[in-house]
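Participant: I have a structure I would like to understand better, so I am pasting it below and will then ask my questions one at a time.
The values are calculated or read from the model by the stated rules, or taken from the named source; none is laboratory data. As the structure is a prediction and not an experimental result, all values here were calculated from the model. Cβ coordinates were reconstructed from backbone atoms using ideal geometry, including for glycine residues, and neighbour counts include every protein chain displayed.
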Amino acid sequence: MTAGLKDRGYETHLVIGQESPREGNLFDLAALKGVAWVALPGLGREVRPWRDLRALLGLYRMMRSFRPHIVHTHTAKAGMLGRLAARVAGVPVVVHTFHGHVLRGYFGPLTTAFYRAVERRLGASSDVLVAVSDSVKRDLVALGVAPAAKIRVIPLGLDLEPLVGVLPRGSLRGEAGVPESAPLVGIVGRLAPIKDVGTFLRAAAAVRAAVPAVRFAVVGDGEERGRLEAERARLGLEDCVFFHGWRRDMAAVYGDLDVVVNCSRNEGTPVALIEAMAAGRPVVATRVGGTPDLLGDGRRGLLVPPGDAGALATGVVDALRRRDPVLARAREGQAYVLAHHSSRRLIDDVDALYRELLSRPAAA
């Protein structure tokens, strides 16, 4: 967005926080796009009152100095602090994007109730909320975050061209010693509780019983890695499940995978599935959040219930064995994401929204 909006005449100031120790970043992509950023000390995922207050003050000072016409926030913590700072600093237009939300399935009942109350107050003070899918919008309305009229749907947009066509093979397979003839099933993303990678491992055990030659790749890292590696050992999967950590060469990742799985318990629109579909790979995913919208309610990929290792295993085996219908869904999925999730379409949508908001009398 930052690179694309610059070409439309916007001057942007990209502020980032500190990723967790086992969390990746996109510094290489920013350098490739010629995008500079400012790292804000204290802005992180965890709730730490004194550090959060320091981050809030830092954001306020930046906004008073830069004097933006628009502040657009992303993610829960940055969304809360950024919108508070923007309103105190007198920023004319405040927008927040929900790429998903933490208002169901992440925390216990009391913490969830607290965050819902906070998001309702922040929603009332925001000019527009953006949801990345119709399902996320429906969720936000049902949870009372904001009325439907205040929420716009702008699907994710990505640079998908490098994933189209003949992709390189052998990188993941060589690293894990997987033969070219063996089917390779992968999951790509953060190793966090909401991603439910434990269900992927339990499903892997069942898939292996049905397809002995199959191998599995876990691409990503995060707080759950140690626990998941222990679970792999407990299930006796150390010889067929390989943890690859964070990878930058996504074309090589998807080039090696025969089936891509997403088994999250909650999602906005999963980036890994968009990438996998752009690469023409069959996908199996849980019916949560915006995933059914992305998969056309099953026309572009297999959908299974969340938390059900047996159903997930059945879906993966089906994807490995029933190649003709599976590949037909994959072709339809590729055509869909290339048409609806390009970076150009995202920039067009965001540019149109910004210009509409700036033309309102209060923002003039």
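Participant: Within the range 39-78, count every residue that is within 29 Å of Lys195 (Cα to Cα) and outside any helix (DSSP H, G or I).
Facilitator: 14
Participant: State which residue pairs qualify: first residue within 15 Å of Thr2 (Cα to Cα) and inside the range 341-364, second residue part of a helix (DSSP H, G or I) in any location, beta carbons under 6 Å apart, and separation of 6 or more residues or different chains.
Facilitator: Filtered contacts from the range 341-364: Ile347/Gly4.
Participant: Only one of these conditions is not met by Gly170: (1) closer than 26 Å to Arg344 by Cβ; (2) in contact (Cβ under 8 Å) with a residue 60 or more places away in the chain; (3) exposed (fewer than 15 other Cβ atoms within 10 Å of the Cβ); (4) of a type outside the set (Lys, Arg). Which number is it?
Facilitator: In the conditions (1) closer than 26 Å to Arg344 by Cβ; (2) in contact (Cβ under 8 Å) with a residue 60 or more places away in the chain; (3) exposed (fewer than 15 other Cβ atoms within 10 Å of the Cβ); (4) of a type outside the set (Lys, Arg), Gly170 misses (1) alone.
Participant: Further, regarding this structure: Tally the residues that are within 17 Å of Leu320 (Cβ to Cβ) and surrounded by 18 or more Cβ atoms within 10 Å (Cβ to Cβ), restricting the search to the range 173-200.
Facilitator: 8
Participant: Please indicate, with yes or no, whether at least one residue in the range 300-309 is farther than 20 Å from Phe200 by Cβ and in contact with a Phe, Trp or Tyr (Cβ under 9 Å, 6 or more places away or on another chain).
Facilitator: yes
Participant: Please give the number of the condition Leu53 fails out of (1) crowded, with 17+ Cβ neighbours inside 10 Å; (2) within 23 Å of Thr111 (Cα to Cα); (3) modelled with pLDDT of 90 or more.
Facilitator: It fails just one condition, (1).
Participant: Let me ask something else about it. Give the range 190-214 a look and list any residue that's in a loop (DSSP other than H, G, I, E, B) and in contact (Cβ under 8 Å) with a residue 40 or more places away in the chain, or say none.
Facilitator: Arg190, Leu191, Asp196, Val211, Val214
Participant: Still on this structure: Do we have any residue at all in the range 16-28 that's in the same structural domain as Arg355 (by TED's automatic domain parsing) and in a helix (DSSP H, G or I)?
Facilitator: Yes, because at least one residue in the range 16-28 is in the same structural domain as Arg355 (by TED's automatic domain parsing) and in a helix (DSSP H, G or I).
Participant: What number of residues within the range 95-123 satisfy the criterion of being β-branched (Val, Ile, Thr) and part of a helix (DSSP H, G or I)?
Facilitator: 3
Participant: Further, regarding this structure: If I filter the range 201-222 down to residues being buried (at least 16 other Cβ atoms within 10 Å of the Cβ) and of a type outside the set (A, V, I, L, M), which single residue comes out as farthest from Glu180 (Cα to Cα)?
Facilitator: Among them, the one singled out is Gly222.
Participant: Out of curiosity, is Arg234 over 20 Å from Ile194 (Cα atoms) and touching a helix residue (DSSP H, G or I) at 6+ places or on another chain (Cβ under 7 Å)?
Facilitator: no
Participant: Continuing with the same structure: Val136 is checked against (1) more than 24 Å from Val15 (Cα to Cα); (2) surrounded by fewer than 22 Cβ atoms within 10 Å (Cβ to Cβ); (3) among the β-branched types (Val, Ile, Thr) and fails just one. What number does that condition carry?
Facilitator: (2)
Participant: Taking the residues in the range 230-271 that are in a strand (DSSP E or B) and out of contact with any Asp or Glu (no Cβ under 8 Å at 6 or more places or on another chain) as candidates, determine which candidate is nearest to Leu294 (Cα to Cα).
Facilitator: Asn262
Participant: Does Glu46 satisfy being acidic (Asp, Glu), at pLDDT 90 or above and surrounded by fewer than 18 Cβ atoms within 10 Å (Cβ to Cβ)?
Facilitator: no
Participant: Taking the range 13-29, which residues are free of Cβ contacts under 8 Å to residues at least 12 places away in the same chain and either surrounded by 15 or more Cβ atoms within 10 Å (Cβ to Cβ) or more than 20 Å from the chain's Cα centre (by Cα) (or both)?
Facilitator: Across the range 13-29, there are no qualifying residues.
Participant: Next up: Ala146 is checked against (1) farther than 19 Å from Cys263 by Cα; (2) part of a loop (DSSP other than H, G, I, E, B); (3) in the same structural domain as Ala285 (by TED's automatic domain parsing) and fails just one. What number does that condition carry?
Facilitator: (3)
Participant: Quick check on Ala148: is it surrounded by fewer than 22 Cβ atoms within 10 Å (Cβ to Cβ), more than 30 Å from Asp239 (Cα to Cα), hydrophobic (A, V, I, L, M, F, W, C) and modelled with pLDDT of 95 or more?
Facilitator: In short, yes.
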